[in-house]
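The values are calculated or read from the model by the stated rules, or taken from the named source; none is laboratory data. Values in this document were obtained by computation on a predicted structure and should not be read as measured data. Here the Cβ positions follow ideal geometry from the backbone for every residue, glycine too, while neighbour counts run over all protein chains shown.
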Amino acid sequence: MADDITEPTSQTVAAGQLRAFIERIERLEEDKQALADDIKDVYAEMKANGFDTKAVRTIVRLRKKDQAERQEEEAMIDLYKAALGMA
């Protein structure tokens, strides 16, 4: 009969693998928080230099989209503004 202490079972291997995945996620979450803090600092620096951070955030969001997607969004906003008498 095999000695349970010397031969790892599928449960102990799975537990070790699970622990490794969780620890990787935890490290990545820490990295993500550090990056978020860095981004927050950049926005604070921009604000201190007189930039409108709300407008900058909008530009950053728009730059993530391709031109067709931006144009579609702008057309929809224009349509809604016209319907509300804002145009």
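If the condition is being part of a helix (DSSP H, G or I) and either surrounded by fewer than 10 Cβ atoms within 10 Å (Cβ to Cβ) or among the hydroxyl-bearing types (Ser, Thr, Tyr) (or both), then the stretch 71-87 contributes TYR80, ALA83.
Looking at GLY50, GLY16, which is the one that is in a loop (DSSP other than H, G, I, E, B), of a type in the set (Gly, Ala, Ser) and either at pLDDT 95 or above or more than 13 Å from the chain's Cα centre (by Cα) (or both)?
GLY50
The residue list ALA44, ALA55 contains one member that is exposed (fewer than 10 other Cβ atoms within 10 Å of the Cβ) and free of Cβ contacts under 8 Å to residues at least 60 places away in the same chain, which is ALA55.
Here ALA68 meets the list (1) surrounded by 11 or more Cβ atoms within 10 Å (Cβ to Cβ); (2) over 18 Å from the mean Cα position of the chain (by Cα); (3) assigned to a helix (DSSP H, G or I) almost entirely, failing just condition (1).
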